[in-house]
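Worksheet: one structure, shown below.
All of the numbers you see were taken from the coordinates with simple rules; none came from a lab. The structure displayed is predicted, hence computed values, not measured ones. Positions of Cβ are generated from backbone atoms using ideal geometry, with glycine treated the same way; all protein chains shown enter the neighbour counts.
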There are 6 protein chains.
Amino acid sequence: MDDLTVEKIEQSRRDRKRSHSLLAGKSRSYPHFLELEKAAFAPGELTSKVKELMALSISIVTRCEPCMEWHVEQAVLSGASEAEIYEAIDVATEMGGGPAVAYARFALRSYEYFLDRQRTSGPHLREAASD
Amino acid sequence: MDDLTVEKIEQSRRDRKRSHSLLAGKSRSYPHFLELEKAAFAPGELTSKVKELMALSISIVTRCEPCMEWHVEQAVLSGASEAEIYEAIDVATEMGGGPAVAYARFALRSYEYFLDRQRTSGPHLREAASD
Amino acid sequence: MDDLTVEKIEQSRRDRKRSHSLLAGKSRSYPHFLELEKAAFAPGELTSKVKELMALSISIVTRCEPCMEWHVEQAVLSGASEAEIYEAIDVATEMGGGPAVAYARFALRSYEYFLDRQRTSGPHLREAASD
Amino acid sequence: MDDLTVEKIEQSRRDRKRSHSLLAGKSRSYPHFLELEKAAFAPGELTSKVKELMALSISIVTRCEPCMEWHVEQAVLSGASEAEIYEAIDVATEMGGGPAVAYARFALRSYEYFLDRQRTSGPHLREAASD
Amino acid sequence: MDDLTVEKIEQSRRDRKRSHSLLAGKSRSYPHFLELEKAAFAPGELTSKVKELMALSISIVTRCEPCMEWHVEQAVLSGASEAEIYEAIDVATEMGGGPAVAYARFALRSYEYFLDRQRTSGPHLREAASD
Amino acid sequence: MDDLTVEKIEQSRRDRKRSHSLLAGKSRSYPHFLELEKAAFAPGELTSKVKELMALSISIVTRCEPCMEWHVEQAVLSGASEAEIYEAIDVATEMGGGPAVAYARFALRSYEYFLDRQRTSGPHLREAASD
């Protein structure tokens, strides 16, 4: 509410949905991107949980907030624990230094936001649609 | 309004104007940057439209929101069509993966914002001043 | 107030404090990061002021807003003048082009915010805790 | 020969071919990436030439040498002139500053390499396979 | 030998050792960086293998060749299989697009180099010293 | 000689000269870039030495090898000491983590190369022409 970070997270979720429809209708590359995404995060030798934590650590190092917000949710929906989130942040810190620490804040706020939301509205399934 | 993305776009426009005056008065490099910018986007073998779409695709891949907001407007003012905007996003998606898709959302919201603004206040000319 | 950039700066300050406690309690890498940070910015052959200006210029080129907001404050608390801030922006502009100019706006707004705050609440000492 | 840049370009071409076979056989995401790439660079409202020049400018700003080497060749095979290559470098310079100028050197060497190669071995068709 | 990529890998290994001694003797931040690194990659809720694969995927997306060369070796020494390496590349591809595919080539060459080396000189233990 | 890093440094120097002539003749943005560069590094409230060290730290964090090779030389020609070079690396390490440590190796090799060259061929003046 009076917290801009929560507003940012919620706006990011709305903009993702909105753009998803637009891109699905008008972009030629988007359908292939969605296939690529599905293939990349499907369970294989590595679980989807590990892959989502990997994407989270990349998102922190590359300072991509909408990516963090998405992948932290997907990581939790795939079974990631709090300790595992912090360890993904450890690796991101080693690979990104101070800016990674600074962006980990948004990842942590997104994590907290998602847990709150789960508490009030019940568990969710992993959704389709891109980071 | 109650939409943070629109607020962000409008704040970006205000901050650009404000900093333009400050930098014009106090920075030694800024005047040369403005010359460089003018030279880079002037029509040559490639039209200004193509150059602005190029800058838009770079802005998406490098995740620069104020750059997107500026270059999407300049692209439209230079005659870019909706389809061309989407094709610039296609190239950015190939060159930037998921984070490019995530930031293309802001480019699309900026595009929409600019069209709305044009509808209510009449056509504009390409302005001077940097991305 | 009705200015989103100021809100963003203040939110960034709140999120830094909040995450600092969380990371101090739960992250294994964070204590070492804090030591690394202290060593990197301690005065040596280069003054802390120069090191903070250096970090500011890196923050602008890498488009890290929370980093800018932090290092601009640290630079001023270490004695940086307005002219020195502008010269750090000059170097960032040379090394980052248009996107650096675009993100320098946030650095300038943070600078202005910090001066205002100093005027109303008296001088501050350099705080501990990361960018 | 005694020129490391030419060696680098030729090694990049060999490594592309080699990895293409490996990834085609063992990666799940790669086939979708190839589809995405094909969709992104297919002629639409923008020609393939413009799209390749766009990718070239992104490659320069993001400092991706194998990408430059590939997209400069594809741009030429799609009909790009020398002047158009230089204008893509202009836009990259505005969007990337000094590092873009520094990496444009590799783009120019790749351009020269490709023209030489065309002169000695006759014209080529645009090949399949990724940047 | 006549392969520049192998030369590059071997030079990277020599330069790592050489700089390690220099930095250990002359840098104030380096000892803390080494502590941070140790903490980040120590087994916790996530195994060292997963953390190294995570670092590998970050290295590919951020186009850091010496990082790839190091983390691919550490991943294998921590027990990563070929399939797991390819899945880390899948995630990097989704998060980095074409440039990630282009840099994955270096990761694959490094992987191959390391396997060859292991075959000829026997198994190695994970070494200390940074990426 | 049999050291690829030295070859890389020398090739970078040759390619800089070569591209300088080409860009000076054929690029519209380049002359303005050179003016911008001159303004950015001219002594002001900060010395050229500090500005070059700043650019060096940015080059390390952004992983730009030709930039490092250039700015380390300019830093030394402006009077930077070994200790100051290491402190610029400290700041880069804090701002860039492991990849900054990895690329600092190239900065250190370039520093060593330049000192060797100075020893054998006598002192040089700061040259014109870009990073």
Checked against a 32 Å limit on the C-alpha separation, the offending pairs among D:K8/E:K38; B:K49/D:K38; A:K49/F:K8; A:K38/E:K8 are D:K8/E:K38; A:K49/F:K8; A:K38/E:K8
Partner shielding of F:68-75, as the mean number of partner chain Cβ atoms within 10 Å, equals 1
Given 20 °C, 1.002 mPa s and a Kirkwood radius over Cα pairs, the Stokes-Einstein diffusion coefficient of region D:1-66 in µm²/s is 153
One finds the C-alpha centres of region E:40-113 and region A:56-95 to be spaced, in Å, by 16
Taking every residue of A:107-115, the Cβ atoms of other protein chains inside 10 Å of its Cβ average out to 2
Over all pairs of different Cα atoms in region E:4-121, the reciprocal of the mean inverse distance gives a Kirkwood radius in Å of 14.9
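Let me spell out the model: positive unit charges on the Cβ of Lys and Arg, negative unit charges on the Cβ of Asp and Glu, origin at the Cα centre of the protein assembly as shown. What dipole size does that give, in debye rounded to 20?
The dipole magnitude comes to about 0 debye.
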When the charge dipole of region E:4-121 is computed with +1 on Lys and Arg Cβ and -1 on Asp and Glu Cβ about the Cα centre, the Cα farthest towards its positive end, among E:I60, E:M95, E:S19, belongs to E:S19
Dividing the helical contributions, -39500 (n - 2.57) per DSSP H run of n ≥ 4, by the residues of the protein assembly as shown yields a 222 nm value, nearest 500 deg cm²/dmol, of -27000 deg cm²/dmol
Checking F:S81, F:S48, F:S19 against a Gaussian network model of chain F (alpha-carbon springs below 10 Å), the top fluctuating residue turns out to be F:S19
For chain C the mean separation of alpha carbon contacts under 8 Å (6+ apart) over residue count, i.e. relative contact order in percent, is 29
Answer in debye to the nearest 20: the dipole magnitude of region E:4-121 about its Cα centre, from +1 Lys/Arg and -1 Asp/Glu charges placed on Cβ, is 660
at F:K26 the sorted inter-copy label distances (label 7 Å from Cα on Cβ side), in nanometres, are 3.7, 4.0, 4.0, 4.1, 5.5
Simple SL model, points at 7 angstrom along Cα→Cβ for C:Q118 and D:A83; separation in nm is 5.2
Over the Cα atoms of the protein assembly as shown the radius of gyration and the largest Cα-Cα distance (Dmax), both in Å, equal 24.1, 74
Counting as exposed only GluC sites (Glu not before Pro) in DSSP loop states with no more than 16 other Cβ atoms inside 10 Å, the longest exposed-site-free span of chain E is E:46-126
Membrane-span-like helices (DSSP H runs, Cα span along own axis at least 27 Å, mean Kyte-Doolittle at least 1.6) in chain E -> none
